[in-house]
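This report concerns only the one structure given below.
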2 protein chains.
Amino acid sequence: MNTDPKRVLVLGGGFAGVYTARYLEKLLWAEQASITLINRENYWVYQPMLPEVISGSIGLTNVVSPIRRLCSRTNLIMREVENIDLKTQVVTISPGFRPRQLLLEYDHLVIALGNITNFHGMPGMIENAMPFRTLADAMALRNHLIQVLEEADVEENPELRRQLLTFVVGGGGFSGVEVIAELNDFLHLVKRNYLHLRNEPHRCVIVQAGDRVLPEMPEALAIFAQRILRKRGVEIILNDRLKAATSEKAILQSGTEILCKTLISTVPSALPQVIQKLDCPKERGKLLVNTSLELKDYEGTVWALGDCASIKTVAGTKVPPTAQHAIREATTAAINIAAAVRGGERVEFGFEGLGTLGSLGHGAAVAQICGVKVSGLLAWFLWRSVYLMKMPGLNRKVRIATDWLLRLLFPPELAQTKVAGESGIRNQHFEPGDIIFQQGDLGDSVYVIEDGECEVVCERKGEQELLATLGHGEYFGEMALLSDKTRNATIRACSAVNVSIISKADFNKLRRSVPAFAEVFAELAKRRADAGSSQSSRPYLRA
Amino acid sequence: MNTDPKRVLVLGGGFAGVYTARYLEKLLWAEQASITLINRENYWVYQPMLPEVISGSIGLTNVVSPIRRLCSRTNLIMREVENIDLKTQVVTISPGFRPRQLLLEYDHLVIALGNITNFHGMPGMIENAMPFRTLADAMALRNHLIQVLEEADVEENPELRRQLLTFVVGGGGFSGVEVIAELNDFLHLVKRNYLHLRNEPHRCVIVQAGDRVLPEMPEALAIFAQRILRKRGVEIILNDRLKAATSEKAILQSGTEILCKTLISTVPSALPQVIQKLDCPKERGKLLVNTSLELKDYEGTVWALGDCASIKTVAGTKVPPTAQHAIREATTAAINIAAAVRGGERVEFGFEGLGTLGSLGHGAAVAQICGVKVSGLLAWFLWRSVYLMKMPGLNRKVRIATDWLLRLLFPPELAQTKVAGESGIRNQHFEPGDIIFQQGDLGDSVYVIEDGECEVVCERKGEQELLATLGHGEYFGEMALLSDKTRNATIRACSAVNVSIISKADFNKLRRSVPAFAEVFAELAKRRADAGSSQSSRPYLRA
């Protein structure tokens, strides 16, 4: 029996994917199977501890673990999965430095691609709401928080300062609650380092669609959690949800508007594109599998697990998308793949869960373990012990324990670790009545109206004069860039407006390199200037 | 005597700026002076340890210290300095969230803006060489190194793998030597985690203009350093310097070309724009000060120190741009400012330096302290002790010592901490003969020729056919984007070529929102397609 090793391909590097590869390394020899894992990042994120990155309780890189060290015999490819062809058994991988796609054939496939945040149908959310799933999200949030505090410290207008110090989290599940709790802790700790913010209040708001937070837990514990959060100053809005957002505010279903510069959303979830376009039996978009976690119609070849699969236990219970379940699913899948490769007994998935744990910030948590409810400091120690124990590898365990110890001795980190400035062509959403820019502002970009209408208003000697109304496909803001002056009109949205924003740097590069582009704006500027001078020196549209 | 506190403004948050603010907080009461410090970041970088971030010997945020904690009574403004008006005593600060500049008046000004990396006159360096000055630079380099290793692990072409595993550092001063040493250590340690790189050699090259590295040190120590580096596998190229770069290679003055995907440059330095445009006495661009560190013609009002000032000691020695000197300059400036504010004795700068220290990677260093030369392991311990001692604050000392300890027990970090993908309109430089893109590549961007000429070559049945030559202002690459196919011609540079590159995402956004832009490319595509079909179905320029 001298055959080539079977090619096992694992898609996704979350709990489900990484643990499947780890178990497979134990169950199969190198001569029996080659294991390849595809993931966008070269690390695995320990999701339960991700919120601790916000307050710096855990160092940035200690909340993740390099997949190469977790699965030392697995061939890791740090790319994106672009397509899965179940018929020909080929997976297409995105290009790297070289602009060529990679095609990978498999004998056995594990689909564990998780889910993504999807703001479809919620105007302005893509542009303004920050997701919270990956290490990159957590770092971006931390940097944004520090930016906001730095700006608030300089800001002299009390209303704007209040807006800068308002933080909104959408979604009251585990993730949302842990994020708002950590965020609130962090603000309390670092505000004392800002000379003008020491005695300034901040506002942390969590918005939950149901009538209580933590729907995953028994009601008594959720009520306890709400009491603790409120005692620590967090506002809880129930029976409402995020509907839209602009750069200045969060807008709720009920019509409530919250002025803020920070909006984090842990909901809603959707399936990755590559799963959506997969033509196979599904349930509510998720891949339908049997109790051996095999994809329907592809038994023995394809397994699906984790958040992208619709799984039922042998007892018929619907399996929730949690880490403890994903780890058990990985065991089941790995045993069944090993059986398919080299024969042996197959198993079915029967894990019914051990309990649930949720942190409420420093020194408080809620837990239900094997039916017993625990809350407060004890639950918090339990939370820390369980998750530290579950973190694979001595290296990370020691590093996290050290971080926790140092965190008790010293204040949290305060350095902003931004890598590069924003660039490229961005989109932005405005609600009716919003000011897009103000007369007297510095001109830092050009705007193109995608949909909606704006009015151009000029303020002179305290009086407002309506100069024009602009609609789809029209531009504004170019005059200040062409002449390097400040805006000399205010632009206000008359309806809901979506714009493309071209930054000054990109605008100038395009003007230089694409003559047609330069001409459009030169001509427009000339027309607007002419219109201005012909109408009693009215500076028409010199925005 | 009931007067308003004097407004002391410190520009720059390096050693010179931060230490001046720290001393001023000790020398002056809040009623005597308000201290404001302007810096681009909210942290101060401990430059001597920055290279240790590469190998992860020190955690990302432990090599920096929040300025708010170092100078607790100083008002920090995290913005850029845009202009200094010495006549009216007003400093202009860049806008934040709100697009308005900030104007700050001062009674006493400290200019300590350091210097910047400047690649002027070196084609392709801005686009391809990575500087190494800030925490952001260090993080970007670390992420790039991991990306390169991940790509090399997947790459099957041995030449391309060799290119991915070649690392070039320009500049053989302290900074360059420490960077190449750390980089080399890091590669040796992490390569074992890459299944296909374990037995693959890598190449670390350092290029120095003089006839030895470390010109700051005595020759004997520099020779020792060279021996150690070479023993550890580093190639040292002397009497040569970087001249140009493309995305594929580094080009030296001598004509030597080194194929590589990683090019780090620690030279050359230039003064920040805001200093360059300052109209006052200078020496080789640096601000000319007297031995009390006062700016000529503005004695008693403006002080300049650190790397942007040209300083001589009372003994007439030219002061080198090192941390130990900057700290002593800060003391002198602070005492003299305090004297200007509340009277008292003034001092002159007379510090002649204590010695020099340079790390050569794990377990080796060179040092000259008070005339005594030390090298090897002893010097390395000395290096670590001196710099740990000099790090201000117990918090950082403990954290760095912990990092060093954990580093002895566990392998270095391997997680890539990139925050966002590249976007916006980039520039790129190509040398004659370079391939800009290859027939069959995926089309991921459109190119506009800024200067130079390119030829369009189509390969069919193994034969190359020249289709056209393109020059200044012409576009290519749009066909693959418009039709979502791969490139069906190769573009090669005939001369040195500079292009603007518009990414697919931005190209599509611009096409949608600026009709004139869309028309240019639609017409061009049509013309090229027509030309193709009229010439015996030759797919003219369908790149």
Checklist outcome for this item: Output field shielding_mean for B:513-520 (other chain Cβ, 10 Å radius) holds 6
Checklist entry - Which loop-located trypsin sites (Lys or Arg not before Pro) does the stretch A:445-493 contain, where loop means any DSSP state but H, G, I, E or B and the Cβ has at most 10 other Cβ atoms within 10 Å? => result A:LYS461
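Over the protein assembly as shown, with the other protein chains present, what is the accessible area per residue in square angstrom, probe 1.4 angstrom? Intermediate results must be reported in sequence, preceding the final value.
Details: 44140 Å² over 1086 residues.
That works out to 41 Å² for each residue.
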Checklist entry - Any residues in the stretch A:399-415 that have 50 Å² or more less accessible area with all protein chains than in their chain alone, probe 1.4 Å, and which are they? => result A:ARG399, A:LEU406, A:PHE410, A:GLU413, A:LEU414, A:ALA415
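State, as an integer percentage, the relative contact order of the stretch A:67-193 based on alpha-carbon contacts under 8 Å between residues 6 or more apart. Working shown, then result.
Details: 73 pairs, mean separation 11.1, N = 127.
9 percent.
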Checklist entry - How far is B:ASN83 from the same spot in each other copy, in nm, shortest first, if each label point sits 7 Å from Cα toward Cβ? => result 5.6
Checklist entry - What order do A:ARG79, A:ARG100 take when sorted by accessible area (1.4 Å probe), most exposed first? => result A:ARG100, A:ARG79
Checklist entry - Rounded if a/c is under 1.5, else prolate if a/b beats b/c, else oblate: with a ≥ b ≥ c from the C-alpha gyration tensor eigenvalues square-rooted, which is the stretch A:1-109? => result oblate
Checklist entry - What are the ³J(HN,Hα) values, in whole Hz, obtained from phi via the Karplus relation 6.51 cos²θ - 1.76 cosθ + 1.60 with θ = phi - 60°, for each residue of the stretch A:485-501 in sequence order, with x given for Gly and Pro? => result 9, 7, 4, 10, 7, 9, 10, 10, 6, 8, 10, 5, 10, 10, 10, 9, 10
Next on the checklist: Once ligands and nucleic acids are excluded and a 1.4 Å probe is used, how much of B:CYS280 is accessible, expressed in Å² to the nearest 10?
Outcome noted: 20
Checklist outcome for this item: Here the correct list, in nm and shortest first, of distances from B:ASP451 to the same site in the other copies, label points 7 Å along Cα→Cβ, is 4.6
Item to check | Loop-located GluC sites (Glu not before Pro) in the stretch B:131-233, at most 12 other Cβ atoms within 10 Å (DSSP) | outcome: B:GLU156
Next on the checklist: At 222 nm, what value in deg cm²/dmol follows for the protein assembly as shown if DSSP H runs of at least 4 each add -39500 (n - 2.57) and the sum is divided by all its residues, to the nearest 500?
Outcome noted: -9500 deg cm²/dmol
Checklist entry - Once both axes come from the Cα atoms, what is the angle between helix B:15-27 and the longest principal axis of chain B, in degrees from 0 to 90, rounded to 10? => result 30
Next on the checklist: Less than 9 Å Cβ to Cβ from B:LEU238, Lys/Arg counted +1 and Asp/Glu -1: what total charge do the surrounding residues give?
Outcome noted: -1
Item to check | Stokes-Einstein D (µm²/s) once Rh is taken as the Kirkwood radius of the protein assembly as shown over alpha-carbon pairs, at 37 °C in 0.692 mPa s | outcome: 103
Next on the checklist: Once you order the gyration tensor axes a ≥ b ≥ c over the Cα atoms, which shape class does the stretch A:221-334 get: rounded for a/c under 1.5, otherwise prolate or oblate by comparing a/b with b/c?
Outcome noted: prolate
Checklist entry - Any idea how far the Cα center of the stretch B:324-385 sits from the one of the stretch B:1-72, in Å? => result 18
Checklist entry - Over the stretch A:162-314, what is the mean sequence separation of C-alpha contacts under 8 Å (at least six apart), divided by residue count, expressed as relative contact order in percent? => result 22
Checklist entry - Measuring from a point 7 Å out along Cα→Cβ, what nm distances, shortest first, does B:HIS472 have to its partners in the other copies? => result 4.1
Checklist entry - How many Å³ per residue does the convex hull of the Cα positions in chain A occupy? => result 173
Item to check | Karplus (6.51, -1.76, 1.60) ³J(HN,Hα), θ = phi - 60°, over the stretch B:146-151, in Hz, Gly and Pro reported as x | outcome: 5, 4, 4, 5, 4, 5
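With a 1.4 Å probe on protein heavy atoms only, work out how much accessible surface A and B bury together, total over both chains, in Å² to the nearest 100. Spell out each step's value before the answer.
On the way: alone 25950 and 25900 Å², together 44140 Å².
Roughly 7700 Å².
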Item to check | Measure of compaction for the stretch B:100-158 (Cα Rg per 2.2 N^0.38 Å) | outcome: 1.85
Checklist entry - What percent does the relative contact order of chain A come to when contacts are Cα pairs within less than 8 Å and at least six residues apart? => result 13
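Based on the Kirkwood radius over alpha-carbon pairs, what value in µm²/s does the Stokes-Einstein equation return for the translational diffusion coefficient of the stretch A:1-52 at 10 °C and 1.306 mPa s? Don't jump to the answer; show the numbers that get you there.
Numbers: Rh = 12.3 Å.
The calculation lands on 129 µm²/s.
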Checklist entry - Among rounded, prolate and oblate, which fits the stretch A:365-447 when a ≥ b ≥ c are the square roots of the eigenvalues of its C-alpha gyration tensor, a/c under 1.5 means rounded, and a/b larger than b/c means prolate? => result prolate
Item to check | Protein accessible area in chain A, 1.4 Å probe - carbon and sulfur % | outcome: 51
Checklist entry - Once you average over the residues of B:63-72, how many Cβ atoms of partner chains fall within 10 Å of each Cβ? => result 4
Checklist entry - How large is ³J(HN,Hα) for each residue in the stretch A:356-370, as worked out from phi by the Karplus curve 6.51 cos²θ - 1.76 cosθ + 1.60 (θ = phi - 60°), to whole Hz, x for Gly and Pro? => result 9, 9, x, 8, 10, x, 4, x, 8, 7, 10, 8, 10, 10, 6
Checklist outcome for this item: Scoring only Lys, Arg, Asp and Glu (+1, +1, -1, -1) among other residues with Cβ under 12 Å from the Cβ of A:VAL302 yields -3
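Go through B:LYS243/B:LYS312; B:LYS191/B:LYS243; A:LYS277/B:LYS504; B:LYS277/B:LYS312; A:LYS26/A:LYS397; A:LYS318/A:LYS373 and tell me which ones have a Cα-Cα distance over 25 Å in this structure. Working shown, then result.
On the way: B:LYS243/B:LYS312 32 Å; B:LYS191/B:LYS243 30 Å; A:LYS277/B:LYS504 22 Å; B:LYS277/B:LYS312 23 Å; A:LYS26/A:LYS397 22 Å; A:LYS318/A:LYS373 22 Å.
Those over the limit are B:LYS243/B:LYS312; B:LYS191/B:LYS243.
Enumerate by residue number the GluC sites (Glu not before Pro) in the stretch B:326-365 meeting two conditions: DSSP loop (anything except H, G, I, E, B), and at most 15 other Cβ atoms within 10 Å of the site's Cβ.
On the way: sites: B:GLU329, B:GLU345, B:GLU348, B:GLU352; in loops: B:GLU345, B:GLU348, B:GLU352.
Here the sparse-neighbourhood loop sites are B:GLU345, B:GLU348, B:GLU352.
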Checklist entry - In terms of modelled amide H atoms, which long-range or inter-chain residues lie less than 5 Å from the amide H of B:LEU288? => result B:LYS282, B:GLU283, B:LYS296, B:SER310
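Filter B:LYS87/B:LYS296; B:LYS6/B:LYS282; A:LYS261/A:LYS286; A:LYS87/A:LYS296 down to the pairs with a C-alpha to C-alpha distance above 23 Å, please. Spell out each step's value before the answer.
Details: B:LYS87/B:LYS296 13 Å; B:LYS6/B:LYS282 27 Å; A:LYS261/A:LYS286 34 Å; A:LYS87/A:LYS296 13 Å.
Flagged as over cut-off: B:LYS6/B:LYS282; A:LYS261/A:LYS286.
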Checklist entry - So which residues of the stretch A:181-196 lose at least 50 Å² of accessible area, probe 1.4 Å, when you go from the chain by itself to every protein chain present? => result A:ASN193, A:LEU195
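The values are calculated or read from the model by the stated rules, or taken from the named source; none is laboratory data. Quantities reported herein were computed from a predicted structural model and do not represent experimental measurements. We place every Cβ from the backbone using ideal geometry, glycine too, and count neighbours over all the protein chains shown. Please note that ligands, DNA and RNA were not included when accessible areas were found on the heavy atoms of the full protein model with its side chains. Shrake-Rupley method; radii C 1.70, N 1.55, O 1.52, S 1.80 Å.
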